[in-house]
Amino acid sequence: MSKSSPRRSFGGKSTGTVTVIEARVHRSSARNARLAFVLSAVIVGLLSAVVAASYMHPILALFLGALVGVPVGGIAWVLVRIWPVLRLLWWWAIEIVLAVAVLTFWVQLADHTPAVVTLLVVALVVGVPAAVPVCRRQVIAWAWCLVVRHRLRVCFSQFIIANQSGSLPLILWARPTPVGERVWVYLRPGLSAKDLEGRLDKIAVTCHASTVLIERASERTAAYLRFDIKRREVLTATVGSPLVDVIDPDAPTVEQAPLTVPTALDLPDVDVPTITLPAQGKPAGKKPATTATANGSKPAASSSAPEDDVSDWI
C-alpha cells in the first residue's frame, strides 16, 4: 500500500508528501496480487477436485476444490500484496532488531537494578567501545555497512531502476573490509552488471566512497553481484614484519665489494685465414649455352641464317 505523510512549510501550509512506497510499485503489486490469487485458486482448486473425485461425487468434488482453492489463493494474494512492505522491513531489519534489543535491555536493566548501577552499566557499554581504538574501529566499520546498504537503495531508486514495475534489487548483506565495505546484491529482471558498470562514479558519490567495483558473486547466476566499496588506501600504511624479531640488530655485517658492471666486451682478436679462389675462364672447345628469354621461349634466329620462302607454304 502507498503511505505518505504531509510535509509542512514555515507558514504551516502543506507543500507535498513523502512517499514510503512508490505509486508504480503499488500498482504493480496490486496487479501481481490479483494474478497470484486467480492462478493459485484455480490450480489448487482443480487439483483438489481431481483428487476428491476419486472418493465422492464429481459435483461435491468441485465444491471441495473451491473450498480449498479460494483460501490458498487468498494467502498468495496477501503475500504478493504485502511484498513491498516486507522488502521495506528487510531494508531496516538490522536497525529494528538493534533498537528492540537496546530498548529491551534498558527496560530490564532499569526494572531490576538501581539507577546508579544502571548508569554505570550504560557508561561501560558506551564508553569502552569509544575508548578502545580496536573496538571503536570495529563499531565504525559495521556502522558504515548499515549506511552503505541504505545508500545503495537510494542509488537503485533514483537512477539505476530499469524495469517497468519499479521493483528494486534485493540488498542482502554487507560486511566491512580493510578498504571499505562489501555488499551482496541480487538483481531483479531488467538490470545487469553491464548497466551498473557505467554508473560506478555516481554510486561512489552516493556512498561517500572513493571508488566502487562490481563483480559477479556466483558463476551460475548473473543476478548475484558483489559490490566492493573502497573509501581508504591501505597500501600506504606501515606494515609490521615478523622478521624484525628474528634478526639480531647486534649481528656483524659483511661488507661486499662494489659490483663492477662491464660497459664493453673485451674479447681476444681472431685471425681470419685468407682464401684464394681460382681464376674462372671460358673453357676451350665448348659452345656457349643458349639462353632463353624471360617468357621461357628461345630467342629468334639471327639474321645470318637462311630465310624461308613464304611462297613454298602457300
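Given the peptides 206-216, 100-110, arrange them by the average over their residues of other C-beta atoms within 10 Å, most packed first. Working shown, then result.
Values: 206-216: 16.7, 100-110: 11.4.
So the peptides 206-216, 100-110, ranked by packing, come out 206-216, 100-110.
Would you mind ranking LEU120, LEU62 by Cβ crowding within 10 Å, fewest neighbours first? Could the numbers behind the result be given before it?
On the way: LEU120 12, LEU62 16.
The order, fewest Cβ neighbours first, is LEU120, LEU62.
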- prompt: VAL100 to GLN158: extension gain in nm, 0.36 nm per residue of separation minus the Cα-Cα distance?
  reply: 17.9 nm
message: Just want the ordering: ILE75, ILE247, from fewest to most Cβ atoms lying within 10 Å of their own Cβ.
response: ILE247, ILE75
- prompt: How many nm is it between the label spots at THR276 and VAL70, if each spot is 7 Å from the Cα in line with the beta carbon?
  reply: 12.8
- prompt: Amide H to amide H under 5 Å from GLY180: which residues, 5+ apart in sequence or cross-chain, H placed 1.01 Å off N in plane?
  reply: ARG231
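Could you sort 188-198, 34-44, 129-139 so that the peptide with the highest average Cβ count within 10 Å comes first and the rest follow in order? Can you show the working numbers first?
On the way: 188-198: 13.5, 34-44: 16.5, 129-139: 11.4.
Ranked from most to least packed, the peptides come out as 34-44, 188-198, 129-139.
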statement: With the 8 Å Cα cutoff and a minimum separation of six or more residues, the range 19-90 has a relative contact order in percent of 42
message: Under 8 Å for C-alpha pairs, at least 6 residues apart: give me the relative contact order for the range 136-234, rounded to a whole percent.
response: 27
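We did not get these values from a lab; they are worked out from the coordinates using the rules stated. The structure presented is a predicted model; accordingly, all values stated were derived computationally and were not measured. Glycine gets a Cβ as well: all are built from the backbone with ideal geometry, and neighbour counts include every protein chain shown.
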